[in-house]
1. Got at least one residue in the range A:300-312 being buried (at least 23 other Cβ atoms within 10 Å of the Cβ), in a loop (DSSP other than H, G, I, E, B) and touching a helix residue (DSSP H, G or I) at 6+ places or on another chain (Cβ under 8 Å)?
2. Would you check if residue A:61 is more than 10 Å from chain C (Cβ to nearest Cβ), within 25 Å of residue C:368 (Cα to Cα), buried (at least 22 other Cβ atoms within 10 Å of the Cβ) and charged (D, E, K, R)?
3. Which is within 30 Å of residue A:385 (Cα to Cα), surrounded by 15 or more Cβ atoms within 10 Å (Cβ to Cβ) and of a type outside the set (Ser, Thr, Tyr), of A:173, A:166?
4. Collect the residues in the range C:211-222 that are surrounded by 16 or more Cβ atoms within 10 Å (Cβ to Cβ) and either assigned to a loop (DSSP other than H, G, I, E, B) or in contact with a Pro (Cβ under 7 Å, 6 or more places away or on another chain) (or both), keeping them in residue-number order.
5. Could you tell me whether residue C:270 is in a helix (DSSP H, G or I) and at pLDDT 95 or above?
6. Given the criteria away from every other protein chain (no Cβ under 11 Å) and either at pLDDT 95 or above or out of contact with any helix residue (DSSP H, G or I) (no Cβ under 7 Å at 6 or more places or on another chain) (or both), does residue C:365 qualify?
7. Take the range C:398-423 and flag every residue that is more than 13 Å from chain A (Cβ to nearest Cβ) and charged (D, E, K, R).
8. Quick check on my filter: what residues within the range B:306-323 are under 22 Å from the mean Cα position of the chain (by Cα) and under 18 Å from residue C:278 (Cβ atoms)?
Amino acid sequence: MPTTVMQDPTARELFDEMSRWPIVDVHSHINPHRPAARNLDELLGYHYYTELAHSAGMPAEHVAAELEPWARARNLAAYLDRLDNTVQYSWLLEIARTFYGWPQDNITPELIDALYDRVGQERDGHGWDSEVWSKTQLETVFLTNEFDDALEGWDTRQYVPCLRTDDLVLKLDETRTVERLRSATNVDVQDYASLRLALGALFEYFVARGARACAISLPPSFAPSRPCPKRAMTSIRRALRSMDLRPDEHDEIRRVIFWMLVEFCADFRLPFDLMIGPIRNIYPNGVAGGRDLFDRRVSLADYSELLNHFRGVTFPISTLAPDASAELVAYAWIFPNVVPLGHWWYSNVPAYIAADLAARLQAVPKTKLVGYYSDAYKLEFILPKFNMYRRVLSETLAADAIRARGWSVDRAVEVARHLLLDNPRRIFCSG
Amino acid sequence: MPTTVMQDPTARELFDEMSRWPIVDVHSHINPHRPAARNLDELLGYHYYTELAHSAGMPAEHVAAELEPWARARNLAAYLDRLDNTVQYSWLLEIARTFYGWPQDNITPELIDALYDRVGQERDGHGWDSEVWSKTQLETVFLTNEFDDALEGWDTRQYVPCLRTDDLVLKLDETRTVERLRSATNVDVQDYASLRLALGALFEYFVARGARACAISLPPSFAPSRPCPKRAMTSIRRALRSMDLRPDEHDEIRRVIFWMLVEFCADFRLPFDLMIGPIRNIYPNGVAGGRDLFDRRVSLADYSELLNHFRGVTFPISTLAPDASAELVAYAWIFPNVVPLGHWWYSNVPAYIAADLAARLQAVPKTKLVGYYSDAYKLEFILPKFNMYRRVLSETLAADAIRARGWSVDRAVEVARHLLLDNPRRIFCSG
Amino acid sequence: MPTTVMQDPTARELFDEMSRWPIVDVHSHINPHRPAARNLDELLGYHYYTELAHSAGMPAEHVAAELEPWARARNLAAYLDRLDNTVQYSWLLEIARTFYGWPQDNITPELIDALYDRVGQERDGHGWDSEVWSKTQLETVFLTNEFDDALEGWDTRQYVPCLRTDDLVLKLDETRTVERLRSATNVDVQDYASLRLALGALFEYFVARGARACAISLPPSFAPSRPCPKRAMTSIRRALRSMDLRPDEHDEIRRVIFWMLVEFCADFRLPFDLMIGPIRNIYPNGVAGGRDLFDRRVSLADYSELLNHFRGVTFPISTLAPDASAELVAYAWIFPNVVPLGHWWYSNVPAYIAADLAARLQAVPKTKLVGYYSDAYKLEFILPKFNMYRRVLSETLAADAIRARGWSVDRAVEVARHLLLDNPRRIFCSG
């Protein structure tokens, strides 16, 4: 049973209805070769737990990669009581209960070995993957694939590929990136023209293997104004040879490649997920996956040239700073190609979701709202995260729409269906 | 009947009381020669519907100016179901029910011709204007008049003129603006001195014809620091002759003229509405009226020199970015001449109003809050917009003041009266 | 009786429990030689009342320092009805009722003399201080001591010293500051080395007399990047002789001294409260204490170098702009040494506290949250301010934790105890 306590019967009715629906998850970091967790460490290793425990006092070394899985789990468990107030902790407990029949109310150092045994050690992978998949009622999960992923070995109608382009835009000056690109495309990338050829080859490869979206996370400092490829040609050549670049050259190269990627999205009719805001590695001594934050001083005004130029490309957008959410509502209200995409990372907290969702439901056409995605690394997290969102959505619709505006339950359900099913399917799965 | 469903009896009692009050609307774009709509197209043509429909997929051409009114209405109706979740849609339905006895729960393509007929085509203008006026219980509506408006042909105690100064500050370098200014004032505007003369003449003309406020909307890039008129004299001469200007000259001229306008507001004892934030035409391919957005990175700190210098001028201020609202609360709490003015445009959504209003009521003296204005282009919209606000105000007072702080209903009503009647009348209508 | 009206029985139960606890107040401006008010003017003189009355129309001269206390009180009372909607007014009424048995529902010009008499004129100081202390159930109150405070004449286990460093960082170029520093430390401060010696002497002096924290308020323009002391040596010498400095020199000196202070915090194991945001004297014509505001365009990203470098120093952080609160949640979630500290000044309004607190409770480990501090100048204000916070905390826990997430009352109480007792004690009072 999910740990759902909803005292408002209308909200409960909405939640129960949504619980019967399949889940379309348009953004995750699931590894399709190993989608569900094989042991407790793969669940507790989710950066939310390691970073919160570290933030609460656990030395980063306690979850070092070289430790045994059970040792990491025990080490982390010693700090879980410090963060048992968080919503992230509640996901963990919901997983333990739903997927492993955990009878306890919490996860303590005394209980951690029992839970470790219950989750199992290297259990039968594929059987378990299927079990989690069906219990979650999954319809499709989008992946986040590196550009040199072979995309082989799984059913891409279930696990839909999505081309992640961070490295191409932000790290083209690293030898490793260029080598990976050459090797993935068999194009001898040396200059602007061959770079374009290689990127085109990537898109072709990805789309042929079922990719339905392109995605990138962009730092606050990035402003995608229209580049001048001609001016950048020399810089690109230098970057491709890993020669030193001036800051303005870096900047120009990033804008050129980003623009080129959007052109390919237009050609291949792919939505381009823009995840705006993270500063990577701002806390280098943190645990793996827990080193990034943001600078809240961002504005979608920096993206207006892009949104105008590529009117045929759909941009599902997530912003990382919770206080930037109102701007996304306004831009989605005006620009046909801007789609508010879920609630991301530091904004993925019920208090922020509730405030933002109420505004989206009041000011953005219902056919444009993509309610939620899990961003999960392991299948097990999809259900508790979606349940968290469905609870907030149920409560918001019950209070703001049904009670305050006199909507019928059916009308509220229809809007929820747009957010959770119709829009994700139409924007990401068709076409 | 308004589509008001309020389950909380205390909120309902407050709302019912406020519904008996007249409406003082201190900012609108009503055309006093044609205040109410003459057909459905004039209602559906409100930019909220065209821009939301366009954002939801309707080509801008479907509501082009050259089409027949009924064709535009039909085209738009085909997209209304995509935005029937929005609060803007609810205004439309409330208008249909309140003013046209519309018996349906929605407005569909199948029903649009029936509604079109019901609203009528070129109905008796003046009779209808009066009917809407009295049903809305209007006391006064402030207009937004271009500086060369003759201000003739209507009762300026009902439709109070307000001098809109956007063009003067932001477009003085356009030949058309200077010509309009010369023609409106009969002053041969050629330099700083004659420009000042002309602006003084405008104020005199406006005030003599009942104007009670000056208004301007300012872009995020505008920072009204104190200008140096002497240094700007040459630039102004060049601008008045439509000669090319450097960006810094544009900037200086804007600040000079703006400062001059505030001096006239001081002399003529007019409040100066500052509407801070819009970037005009950021989406040029949008529908008419649906091309503007904002950059959220604004701060009232940029206005501190102005607020200090003109301590005798009242500045009712609206900010466009919803996340900037807390700053306005703080500035109104400290500066005697800062008045938080309603909830504007992209901030005019119940979720944002509720959050902002709760803070205003807790931290700004009640005598300084101007609750709401309609910003409407047609009289019919004043009632549903004010009702939306009165619902939020009723619910906020019922929850935060009456239930949480033990206020009596009378005390809550008295505060509401300040926001809706006393303050607008004192700040805008007296003096 | 506190003016607490809580209709939700669960929230009421939580509030009643918290009301039995002692209060640990980790930041105030109490004068330990005269902690409680000696007359009504010392209560009404709190800047919240004078600035709100001034903002609502009272000339600043009506509360000038040279007036008699009763005259100031009468003058202010004439404007209190304009701000009786504010939460600050409710603190005053709660003080009147709780500490002076005030039987009325309000404080009017007609009643002000009666209240003045009731509060008394120069009542027996120490007896009254004790009475307020015990009625408030105070455990400890942190002070904010200027660096040249002798720290003598009171029990520093009750009134815990805290080294305020604003002048050292921001005003070292003023002769008065350098003279005070020389005189406080007996160090002939002339250059970088002797400055360091002097600051070390201050820390030694303060810690020896029971100081448990260092504090500073920093303007939005301050970005504490790592300085280069060598490069700054000449500038520091010039500043110490009050010679003219270039803006970049000012900036460098501030960063050098600030960095040095943090090094001493590391050495002496003191938490360093960072109060981020105020622009001082932005409204020079305001009343005393009511001249400061903020620029909301701040980001903790500017502090990342500091947070990384001093991993051993705990930084309790308050941000002044309410819309910056979500960033603090995220930084506290990642950085072990970032502690969200109460709700400060313009953010200390129930509507902002509620929104922020809900997120903190969902996303930051409970062992890291320092719930509240009073920031008070007189003892009497500690209770109503803490009560305000405890009400919001009770309601948030009742709604979000107990009702929405199924927590037991005990579990909610345990979290509240962390915020109000365990964390303040551990972070500030131990070690």
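1. The answer is no; no qualifying residue exists.
2. It is false that residue A:61 is more than 10 Å from chain C (Cβ to nearest Cβ), within 25 Å of residue C:368 (Cα to Cα), buried (at least 22 other Cβ atoms within 10 Å of the Cβ) and charged (D, E, K, R).
3. From the options A:173, A:166, the qualifying one is A:166.
4. C:211, C:212, C:213, C:217, C:219, C:220, C:222
5. Answer is no for this residue.
6. no
7. none
8. B:307
The values are calculated or read from the model by the stated rules, or taken from the named source; none is laboratory data. Since the structure is predicted, the reported quantities are computational estimates derived from the model, not experimental observations. Note: ideal-geometry Cβ built from the backbone for every residue, glycine included; neighbour counts use all protein chains shown.
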